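Here's the structure we're looking at; comments come further down.
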Amino acid sequence: MTRLNEVMDKQPRLLSSKLFQKHRQVEVVLSRSVLYWKEIEKSRKRSSCTSRESETAHSHAVQVCEIVAVHKSEEDDQGDTKRGRLKKAKQQSQLYPHTFTVSYVRRTRQHQWRCSDVSFHCASQALCQQWIQVINEQLSLLTNRPKRLLVYINPYGGKQQGKRIYEQKVAPLFRRACISADVIVTECANHARDHLKTEANLDKYDGVVCVGGDGMFSEIVHGLVTRTQTDHGVDQSRADAELVPCSLRIGIIPAGSTDCICFGTVGTNDPVTSALHIIVGDSQPMDVCSVHHGDVFLRYSVSLLGYGFYGDVLTDSERKRWLGPARYDLSGVKTFLSHNYYEGTVSYLPTADGLGNPRDKVQCRSGCHICQHKHSSKDKQWEMSEEEEKSDKDRWSTIHGKFIAINAASMSCACPRSPKGLSPSAHLADGTTDLILVRKCSRLDFFRHLLRHTNKDDQFDHSFVEVHRVRTFRFQPFQKQLVSREDPSEPPKKKGFSPMCSGQTTCNYSKAHSSWSCDGEILKHAAIQVSVQCQLIRLFARGIEEQQKQ
Ligand SMILES: CCCCCCCCCCCCC/C=C/[C@@H](O)[C@H](COP(=O)(O)O)NC(=O)CCCCC
Ligand SMILES: Nc1ncnc2c1ncn2[C@@H]1O[C@H](COP(=O)(O)OP(=O)(O)O)[C@@H](O)[C@H]1O
Ligand SMILES: [Ca+2]
C-alpha cells in the first residue's frame, strides 16, 4: 500500500490549514486529486496509508473525484454528551465557529457505497469560505459529472417501491450534489420508450436514469438507441446497419425483480450505491445485441437472450406478475419439472483469438483490459476484404440438435439468484456474447447444471453443455411436419406442461417452439439472427471493482 505522506508530498498543495475535526486539531490538505487530513499531535507514531477512501487511526484521505459535495454547515458538537468533552467542544466551537462539511463516497461491504460526511471547524469565516470555494473549484473541473438528468420511474416494477426508493434514497443525494432532475412516473408500459423516441428534449440533459428492473432499462435502451439512429439517419431495421453509439449515459436505480444489469455493472443492487455512481459521473460502455427476424427488427438485448428454459420461465411468469419477484421462483420450478426440449439449428461465427473464451476464468472487472480494446463490430465484420469475408463464411459453425436451453449472455448475467451469473467470464464491452447450448439431458443432469448457476462450480463442465464466444449467431427452430412424437423411445409428454407435439393429428405446430426471453421481454419470433453492437451504450457505472484490501 502506498504511504499517504509520500503521495501527498509529491502533489502540489492547493490549500493546507490547521482546522478542528471532532474536537481534534487536524492538518487538512487539498491537492488536485486528494483531500487529506491527519491529527496533528499523535500522528508521528502512527502509520498513514491511502486508498480511494482510507483511514488509519488518525489519518484519512478521500479522492477528490469521490467527493459528492461541500457545503457550509451549522455549528455541530458531534453529538458529544460526556460532560468533559462537551465543555471542550464548547470552547472549541467558540474558537472555531465556522464549519464546512464534505460529503464523500465511502465503500462498505460487497461493493456497496455510502455517502459519509466529515465536518471541519475553522477559526474564521474567510478560511471556511476559502475551503468551500477551492473544493468546489476542483469539483467543477470534473466535467464527466452530470448536472441535469431525466428520470423515469416504473411505479409497478419489482415490489412496487420505485417511487418511494427514488424519493427517499436518491432524490436527497441528487439535491446534495446539486443535480437537477426532471422526473416522469410512467403511466403504462412503453411510456418511457416512446417519450425518449420522439418527445423528450434530450439536449437539456446529461443522462437518463431509470428506476425499475431490467424491463424498464430495456425500454430506456430502446428509446435512446432508436432516437440516436433516427437523428443520424440510420435504418435500424437493417441487420447489417452500423449503429451510432448513444451520447447520453444511462443510470439504473434498481427497483425491479432481477436487476441483473445493475448487479453486473455495479456489483450490488443498492439504490444509494447506484445514485453515487451517477453523481461521480462514472462511465461504463456496454455491448448491445440487435435481434432481427429476417429483415424485421425485433429488439435489442443487453443481458440474456434465452430460448427454451429461460424463455419458458418468462412466458409462465408473466401470468403471475401479481406475485412480484417470487413469480420467477414458482415459474422456474414449474418449467424445470416440465423438462421440455426444443429442436433447432444454431449457426454462429466464433470470435477470433485475443478475446478470451468463456471458460478462461478472466472476469470482467472495473477497467477490464479486454474491454478496453475497442473491438468494434465494424472493424472485424463489416469492413472486410472479399477474401476475408469468404474465409469468414467458412468459419461459421452450425449445430443441429435438441436443446433444453439456448442462452446468449452478453454480460455475466450475475444477479442475487445467481451471484456469478450464467456466464461468469462474459465481458460487458468486448463486442461478443457467450452462446451457451444445453442439449437434451436427464432432469437430474439439468438440475446439476442449474445448481451451478448458484455456486462456484464450472457450469460448462458437463458433456451436454457447450459454450462459444461469438459476435453473431442465428437460430432456426425445427419446422415440424406432423410427427407422432419427438423421440419414440420417450414416454408421451403430459398435456398442460409440455409445449411439444403430443403425437395426435391435432398437433399444434407453434407449440413445438419455445420463445426467446430478451432481457425479460418475450420475442414474437423463434427464428432470429443476432449481432453484437460493440459499446453502443454507456452506463453511469464503472464495472465491478476488485474488493479492496484494507
Ligand atoms: C436449482 C436452482 C436453480 C436456480 C437457477 C437460478 C438462475 C438464475 C439466473 C438468472 C439469470 C438472469 C438473467 C436476467 C434476466 C432478466 O433480464 C429477466 C427480467 O428481469 P426483470 O425485468 O428485472 O424482472 N429476468 C428473468 O428472466 C428471471 C429469470 C429467473 C429464472 C429462475
Ligand atoms: N406504468 C407502468 N405500468 C405498467 N407497466 C409498466 C409501467 N412502466 C413500465 N412498465 C413495464 O413494466 C415491465 C416490467 O418492468 P420492470 O421495471 O423491469 O420490473 P420487473 O423487474 O418487476 O419486471 C416492463 O416491461 C415495462 O415496460
Ligand atoms: Ca459482451
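Being in a loop (DSSP other than H, G, I, E, B), under 27 Å from Ser517 (Cα atoms), at pLDDT 95 or above and outside the structural domain of Pro325 (by TED's automatic domain parsing) holds for only one residue in Glu219, Glu187, and it is Glu187. Counting only strands (runs of 3 or more DSSP E) that sit wholly inside the range 38-148, those with at least 1 residues that are modelled with pLDDT of 70 or more and under 29 Å from Gln547 (Cα atoms) are 59-63, 67-73, 98-107, 113-122. Does Gly264 satisfy the condition of being at negative phi, out of contact with any strand residue (DSSP E or B) (no Cβ under 6 Å at 6 or more places or on another chain) and buried (at least 23 other Cβ atoms within 10 Å of the Cβ)? For Gly264, the condition - at negative phi, out of contact with any strand residue (DSSP E or B) (no Cβ under 6 Å at 6 or more places or on another chain) and buried (at least 23 other Cβ atoms within 10 Å of the Cβ) - is met.
Selection over the range 94-117 of residues that are among the β-branched types (Val, Ile, Thr) and in contact with a Leu (Cβ under 9 Å, 6 or more places away or on another chain) gives a count of 2. Please verify whether the range 466-481 includes one or more residues that are over 23 Å from Ile528 (Cβ atoms) and assigned by TED's automatic domain parsing to the domain that holds Cys368. Taking every residue of the range 466-481 in turn, none turns out to be over 23 Å from Ile528 (Cβ atoms) and assigned by TED's automatic domain parsing to the domain that holds Cys368.
For (1) over 23 Å from Val530 (Cα atoms); (2) touching a residue at least 40 places away in the same chain (Cβ under 8 Å); (3) within 22 Å of the chain's Cα centre (by Cα), each residue gets a yes or a no:
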residue	(1), (2), (3)
Ala171	yes, no, yes
Thr186	yes, no, yes
Asp203	yes, no, no
Thr230	no, no, no
Gln236	no, yes, no
Ile253	yes, yes, yes
Cys260	no, yes, yes
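Table: residues versus (1) within 9 Å of ligand 1 (Cβ to nearest atom); (2) in a helix (DSSP H, G or I); (3) under 21 Å from Thr433 (Cα atoms).
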| position | (1), (2), (3) |
| --- | --- |
| Tyr307 | no, no, yes |
| Tyr310 | yes, yes, yes |
| Trp322 | no, yes, no |
| Arg327 | yes, yes, no |
| Gly332 | yes, yes, no |
| Leu337 | no, yes, no |
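Inspection of the range 121-136 identifies no residue that is under 14 Å from Ile279 (Cα atoms), away from ligand 2 (no atom under 16 Å from the Cβ) and surrounded by fewer than 16 Cβ atoms within 10 Å (Cβ to Cβ).
Comparison of Pro172, Pro245 shows that the only residue that is more than 16 Å from ligand 1 (Cβ to nearest atom), assigned to a loop (DSSP other than H, G, I, E, B) and not assigned by TED's automatic domain parsing to the domain that holds Ala69 is Pro245. Can you tell which of Leu437, Leu444, Leu450, Leu355 is within 16 Å of ligand 3 (Cβ to nearest atom) and either at pLDDT below 90 or not hydroxyl-bearing (Ser, Thr, Tyr) (or both)? None of the other options fit; the residue is Leu355. Does Thr454 fit the bill of being touching a strand residue (DSSP E or B) at 6+ places or on another chain (Cβ under 7 Å) and in a loop (DSSP other than H, G, I, E, B)? Here the answer is yes, as Thr454 does meet what is asked. If the condition is being open to solvent by less than 60 Å² (accessible area, probe 1.4 Å) and part of a helix (DSSP H, G or I), then the range 419-449 contributes Asp445, Phe446, His449. Here is the figure for the range 212-233: residues that are more than 12 Å from ligand 1 (Cβ to nearest atom) and either among the small types (Gly, Ala, Ser) or farther than 18 Å from Arg538 by Cβ (or both) total 3.
The values are calculated or read from the model by the stated rules, or taken from the named source; none is laboratory data. Here the structure is a predicted model, which means the values were calculated and not measured. FYI the Cβ positions are ideal-geometry reconstructions off the backbone, even for glycines, and counts take in every protein chain you see. Surface areas here come from the heavy atoms of the whole protein model, side chains and all, with no ligands, DNA or RNA. Shrake-Rupley method; radii C 1.70, N 1.55, O 1.52, S 1.80 Å.
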